[in-house]
Amino acid sequence: MLISRRFLAFALAISVTMAGFAVSGVLAQEVPPKALDNSAVAFIQGTSPLPTPQLDIAPGSTVQDIRVEGVQRIDTETVLSYLTVAKGDTPTPEKIDASLKALYATGLFSDINLHVDGGTLVVKVEENPIIDRITFEGNDAIEKDDLEKEVQLKSRMVYTLPKVQRDVQRILDLYRRSGRFAATVEPKIVKLAQNRVDLVFEITEGSRTGIRSIKFVGNAHYTDDELREAVSTRQSAWWRFFSSTDYYDPDRLNYDKELLRKFYLREGYVEFRVLSAVAELTPDREDFFLTFTIEEGPRYKFGKINIVSEIKGLDVETMRPYITTLQGNWYNADQIDKSIAALTTVLGDKQYAFVNIIPEPDRHKDTLTVDLNYTIKQGERVYIDRIDLKGNTRTVDKVIRRQMQVAEGDPFNATKIHNSEQNLKDLGFFETAKITPVEGAQPDRSNVNVDVKEKSTGEVAIGAGFSSTDGPLGDFTLAEHNFMGEGQDARFGATVSGRTQQIDTSFTEPYFLDRDLSAGGDLFYIQTDNQDLSSYNNNSAGMNLRIGYPLSSELRQRLNYSIHHDSISNVSSTASIYILEDQGSSTTSSFGQSLIYDTRDSKLTPTLGFITHLDTDVAGAGGSRDWARIKLGGTQYFPLDDDAKWIISGTAEAGQIWSFNAPTQVNERFFLGDTTFRGFEYAGIGPRDLTSTNQDALGGNRFARGTVDLGVPLPVPPEFGLVGHVFSDMGVLGETSVTPVPGNTLADDDSFHLSAGIGVTWASPFGPLRLDLAKPILYKPYDKTQLITFNFGTKF
């Protein structure tokens, strides 16, 4: 009798759910899924056997031979290795069933038939096809590259239904994470020659599922609006078309629960709990209602604060100034974390590399206070065993590793790991960068996972904008900030505005010779129309060579050489006599250096810290100009609140230029105004020839300026990216070093200038924008003032 079991590969148990699965394409025939009875499904799942087959073989007879039919890619020996029946065995129904299960479990076959022909066991198989390529159709919201990273099936892998269904679920999960819960995915195959198939995922994305409302139950001390600001999810609104925070994401919902907990712990509610967080689909199935049920509890203050050390010889009183939790203040978990970080850093500087600081709170419900002991323990000696990198498909490993302040074999240091994470973010190569310590293979070992998500670093753009200095402007930029994934910066640009035409190209290698040594060069050609300012045009063409290196973790030095040819031309006959004297060409060859000291918490969006620079340049090594120039300046940032929403910054800068053989030329001097001194036009203050028709600005050989700026949060949703500013600019500009001409009125008195104003910055999707309104307070009658300073740029 014939013994036959025909199944649809190992996926029989789940193929019923693939009711829409079909074969499509030019060469394809639509094939409905094969139906399975309950006994077949149970057989594959191993929960019950099929009825015992009747074998057409004499009792006691054995298998004399085994013949395998239908194999193409798979070796016969591979098939035989999975059989539980061998030559000389009696082919019982139990052994046949076991052989079928073993073969189906390999995932290599879509159909298997076993029967006995005389004394020969015939194994007839139908191999699963090989995937030739995988394509996606209908995906507009998610890029193909992101979908390819998500699916597990790849080209040249064996096609099986279970693997396809798992990939379908992965794609659906990806769409749900982006807020598209109505998305559907239908897999189809196109049959090709030689038992190959193309796999097509047909995607219907549907619209995004928004958040219609966010409500809170149990909040007595804070309003719903205040708590909505504490969570990351936002209610859907028309102005959030550039944001994804107003779409439902289950992972974000869990994150919001943690944000609420941190918010209340920061405000002193030690007993706070999130009882539930529920997302309910609206009746029209287009949005979600989010409801957080919370229990606030009473508000606590800090009680007694003590430091206890289990390290012999450590004077704990020297540690007390670094603690920001003070008795009588409201309990704040963030301040505890900051105190622990500060203590860890100080102890690390004192060569205590392995310490563990444990905050031990003692809560008193009767007085609503929390006593706190900071216990300093000698921690276990833990070393970094391995640093694993993930997500850098384009950026080479060394670019990431050279930003790490720790290496394999170093003592584990949480502060250095935090600094390494900030270094990666400051590169600008990644959307996200996260460093997570994990347990190592041994108790004294720790692994470090570095997980990054790359973003586009190339730029082919046409730019347009407006500046209160240059008027309408346009530019073309071809740039790559992570060239070949090596972290190099290459750029070519061209700018055209009402005042300036410029072409420039540059290249920078941040780690020359695989050392912390930046090297680069620039070529440029600039035409500047200064007719409205000083009645002349200036053309400049030249090159720069530069190299930079660290002197310490916070101090860097840069050396540079520059040579450029300048031409002062088209000088009006009614121009200043001092500019007429500068008419002609000159060549400047100069060497310079810059010292930069930087302690900012972020190079992109600083909220705390200080940056200062000292620049010195000397011209005269060849060329026709001889001068020396120095500039010293710096900016300090102070956050006024724990959330760093109120930031006050102070900037101070001064400079001086000396000419050795002749007075400085107008194109070599300093100018102030517009963005460098709001309330005044560019070159609006300083020395000026009042006799000339245009009252030409001459610039000065020395200047000093300062700015105080207070960043103010505006009463708009944070995703708007709007920040208000209140500021004041002050400074002086003077000394032209020219010889006064009799009968000529030269204004050059080093007078002090002061202005004040308000402004707003917008981190718009089209580029940065800043609008300032400034009013001069101390100024001269001949100064050129302006109310509005405006800068805007966009890439498209």
**Q.** Extreme residue, farthest from the chain's Cα centre (by Cα), among residues of the range 376-413 that are surrounded by fewer than 14 Cβ atoms within 10 Å (Cβ to Cβ) and among the small types (Gly, Ala, Ser)
**A.** 409
(Q) Within the range 185-204, does at least one residue satisfy the condition of being open to solvent by less than 50 Å² (accessible area, probe 1.4 Å), in contact (Cβ under 8 Å) with a residue 12 or more places away in the chain, part of a loop (DSSP other than H, G, I, E, B) and charged (D, E, K, R)? (A) no
**Q.** Test: residue 421 is surrounded by fewer than 14 Cβ atoms within 10 Å (Cβ to Cβ) and within 20 Å of the chain's Cα centre (by Cα)
**A.** no
Q. Of all residues in the range 596-608, which are within 13 Å of residue 639 (Cα to Cα) and buried (at least 17 other Cβ atoms within 10 Å of the Cβ)?
A. 600, 606, 607
Q: Considering only residues that are more than 40 Å from the chain's Cα centre (by Cα) and without any contact (Cβ under 8 Å) to a residue 40 or more places away in the chain, look in the range 531-567 and name the one that is surrounded by the most Cβ atoms within 10 Å (Cβ to Cβ).
A: 567
Q: Could you please find all residues in the range 267-278 being crowded, with 16+ Cβ neighbours inside 10 Å and assigned to a loop (DSSP other than H, G, I, E, B)?
A: 267, 268, 269, 270, 272
Q. Pick from 367, 325: which is open to solvent by less than 50 Å² (accessible area, probe 1.4 Å), under 30 Å from residue 271 (Cα atoms) and among the hydroxyl-bearing types (Ser, Thr, Tyr)?
A. 325
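Please tell me if residue 528 is part of a strand (DSSP E or B) and either within 30 Å of residue 399 (Cβ to Cβ) or touching a Lys or Arg at 6+ places or on another chain (Cβ under 6 Å) (or both).
For residue 528, the condition - part of a strand (DSSP E or B) and either within 30 Å of residue 399 (Cβ to Cβ) or touching a Lys or Arg at 6+ places or on another chain (Cβ under 6 Å) (or both) - is not met.
Please verify whether residue 447 is open to solvent by less than 50 Å² (accessible area, probe 1.4 Å) and part of a strand (DSSP E or B), treating the condition exactly as stated.
Working: open to solvent by less than 50 Å² (accessible area, probe 1.4 Å): yes; part of a strand (DSSP E or B): yes.
When the stated conditions are applied, residue 447 passes them.
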Q) Just one of 116, 71, 122 is open to solvent by 20 Å² or more (accessible area, probe 1.4 Å), at pLDDT 80 or above, assigned to a strand (DSSP E or B) and of a type in the set (A, V, I, L, M); which is it? A) 116
Q: Please indicate, with yes or no, whether at least one residue in the range 335-345 is in a loop (DSSP other than H, G, I, E, B) and either out of contact with any Phe, Trp or Tyr (no Cβ under 7 Å at 6 or more places or on another chain) or among the aliphatic types (A, V, I, L, M) (or both).
A: no
Q. Given the range 568-645, what strands (runs of 3 or more DSSP E) lie entirely inside it while holding 2 or more residues that are within 30 Å of residue 231 (Cα to Cα), touching a helix residue (DSSP H, G or I) at 6+ places or on another chain (Cβ under 7 Å) and in contact (Cβ under 8 Å) with a residue 12 or more places away in the chain?
A. none
Q: Test residue 755 against the criterion of being free of Cβ contacts under 8 Å to residues at least 60 places away in the same chain, among the polar types (S, T, N, Q) and open to solvent by less than 40 Å² (accessible area, probe 1.4 Å), and give yes or no.
A: no
Q) What are the residues in the range 413-453 that are closer than 24 Å to residue 483 by Cα, of a type in the set (S, T, N, Q) and touching a Ser or Thr at 6+ places or on another chain (Cβ under 6 Å), if any? A) none
Q) Among 245, 291, which is open to solvent by 20 Å² or more (accessible area, probe 1.4 Å), of a type in the set (Ser, Thr, Tyr) and outside any loop (DSSP other than H, G, I, E, B)? A) 291
**Q.** Subset of the range 308-329 [part of a loop (DSSP other than H, G, I, E, B) and either in contact (Cβ under 8 Å) with a residue 12 or more places away in the chain or touching a strand residue (DSSP E or B) at 6+ places or on another chain (Cβ under 8 Å) (or both)]
**A.** 310, 311, 314, 323, 324, 325, 326, 327, 328, 329
Q: Run residue 703 past the list (1) over 25 Å from residue 608 (Cβ atoms); (2) of a type outside the set (D, E, K, R); (3) open to solvent by 40 Å² or more (accessible area, probe 1.4 Å); (4) not in a loop (DSSP other than H, G, I, E, B) and report the number of the one that doesn't hold.
A: (3)
**Q.** Complete set of residues in the range 205-231 that are open to solvent by less than 70 Å² (accessible area, probe 1.4 Å), in a helix (DSSP H, G or I) and out of contact with any strand residue (DSSP E or B) (no Cβ under 6 Å at 6 or more places or on another chain)
**A.** 230
Q) Is there a residue being of a type in the set (D, E, K, R) and closer than 22 Å to residue 518 by Cα anywhere in the range 372-379? A) no
Q | Residue satisfying all of: in the range 726-740; of a type in the set (A, V, I, L, M) and open to solvent by 50 Å² or more (accessible area, probe 1.4 Å); nearest to the chain's Cα centre (by Cα) among these | A | 726
Q.
Looking at the range 641-650 only, could you name the residues that are in contact with a strand residue (DSSP E or B) (Cβ under 6 Å, 6 or more places away or on another chain) and surrounded by fewer than 16 Cβ atoms within 10 Å (Cβ to Cβ)?
A. 645, 648, 650
Q: Answer yes or no as to whether residue 426 is at pLDDT below 85, open to solvent by less than 80 Å² (accessible area, probe 1.4 Å) and touching a strand residue (DSSP E or B) at 6+ places or on another chain (Cβ under 7 Å).
A: no
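Residues are listed down the side, and each one gets a yes or a no for (1) closer than 12 Å to residue 675 by Cα; (2) at pLDDT 85 or above; (3) assigned to a strand (DSSP E or B):
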position: 757; (1), (2), (3): no, yes, yes
position: 771; (1), (2), (3): yes, yes, yes
position: 774; (1), (2), (3): yes, yes, yes
position: 783; (1), (2), (3): no, yes, no
position: 793; (1), (2), (3): no, no, yes
Q: Answer yes if at least one residue in the range 557-570 is charged (D, E, K, R) and more than 24 Å from residue 613 (Cα to Cα), and no otherwise.
A: yes
Q) Looking at the range 127-152, which of its residues are buried (at least 17 other Cβ atoms within 10 Å of the Cβ), in contact with a strand residue (DSSP E or B) (Cβ under 6 Å, 6 or more places away or on another chain) and part of a loop (DSSP other than H, G, I, E, B)? A) 128, 129, 139
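Condition check ((1) modelled with pLDDT of 85 or more; (2) of a type in the set (Phe, Trp, Tyr); (3) open to solvent by less than 50 Å² (accessible area, probe 1.4 Å); (4) in contact with a strand residue (DSSP E or B) (Cβ under 7 Å, 6 or more places away or on another chain)) across all residues:
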{"site": "253", "(1), (2), (3), (4)": "yes, no, yes, yes"}
{"site": "264", "(1), (2), (3), (4)": "yes, yes, yes, no"}
{"site": "280", "(1), (2), (3), (4)": "yes, no, no, yes"}
{"site": "300", "(1), (2), (3), (4)": "yes, yes, yes, yes"}
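The values are calculated or read from the model by the stated rules, or taken from the named source; none is laboratory data. This structure is a prediction, so every number in the text was calculated from the model and none was measured. Glycine gets a Cβ as well: all are built from the backbone with ideal geometry, and neighbour counts include every protein chain shown. Only protein heavy atoms, including side chains, enter the accessible area calculation; ligands, DNA and RNA are left aside. Shrake-Rupley method; radii C 1.70, N 1.55, O 1.52, S 1.80 Å.
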